[in-house]
Amino acid sequence: MLNNQIGDFMKNMQKLILSVLAIAILVFIFLKFVPGISGEVETITVSGEATKYVDPDISYLYLQIQNTADSARQAQIQNSETTQAVTSALKDLGTPEGNIETTYYSVSPKYSWDDGTRTPDGYEAIHSLKVKIEELENVGKCIDTAVNSGATISYISFELTEEAEAEAKNSAIEEASASAKSKAQAIADSMDVRLKGIYKITESNVNYYPYIAEARVDSAGDEETKTFTVSPSDVSVQAQITVQYRI
């Protein structure tokens, strides 16, 4: 009697296990091959790019004031006097004091070389200034004034104010997004499928590139009345965006 009960129990367990396995296999097949049930989303992935060229609305003039002397103290005094002359002349031109800032300063020994031998050759003082010019038509005047007061020009940077930069970046992102959408639609049309909406958006890069220029001496000017001409160019803002569309 007991043996019969055990046999029946084992048979029932085998049937139950086989039934569970069969259900599991059916569920797997259903999830694997029925579209949309597995959680996997069919998509088209595209990238859109755009470049905006914008007129700069602010400029930065980078100056260097360099003096040499027999002693560190003399080099420092001469550099201070030249710096004072440069900054005073720029202020007289209308440049606010807050628009002139020091970016580097050093006083160090100089050396000369002769047949591989290093010999002390006085001291050198260097003072670097950054001048913000808010009116672009004054760039040439500021350069003339600084150079005629004893400074040398490192370079001029034409840039965008924070407001203009934000506006240009947003515009570039809009154009990049429109480019991505146009590409996705073209792919969908060629594959005879329909775009159902955006699945994921990734902003890859939004880059802003100021225009860096060098001052050019007007060949018609002499050493006493030399003038500098600068031809600013547009600054560029580039955006790239990646979009996944559901199909």
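The figures follow:
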item	result
Residue that is surrounded by 13 or more Cβ atoms within 10 Å (Cβ to Cβ) and assigned to a loop (DSSP other than H, G, I, E, B), where the choices are THR87, THR95	THR95
Check on VAL139, in a helix (DSSP H, G or I) and either of a type in the set (Val, Ile, Thr) or in the same structural domain as SER179 (by TED's automatic domain parsing) (or both)	yes
Pairs, first under 18 Å from THR152 (Cβ atoms) and in contact (Cβ under 8 Å) with a residue 12 or more places away in the chain in the range 86-110, second basic (Lys, Arg) and in a strand (DSSP E or B), C-beta under 6 Å, six or more apart	GLU101/LYS130; THR103/LYS130
The range 142-173, residues that are of a type in the set (D, E, K, R), assigned to a helix (DSSP H, G or I) and touching a residue at least 12 places away in the same chain (Cβ under 8 Å)	ASP144, GLU165, LYS169
For LYS130: the one exception among (1) part of a helix (DSSP H, G or I); (2) under 33 Å from the mean Cα position of the chain (by Cα); (3) in contact (Cβ under 8 Å) with a residue 60 or more places away in the chain	(1)
Any chance ASP55 is closer than 30 Å to GLU165 by Cα and in contact with an Asp or Glu (Cβ under 7 Å, 6 or more places away or on another chain)	yes
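The values are calculated or read from the model by the stated rules, or taken from the named source; none is laboratory data. All values reported here derive from a predicted model rather than from experimental measurement. Neighbour counts are summed over all protein chains in view; Cβ atoms, including those assigned to glycine, are modelled from backbone coordinates with ideal geometry.
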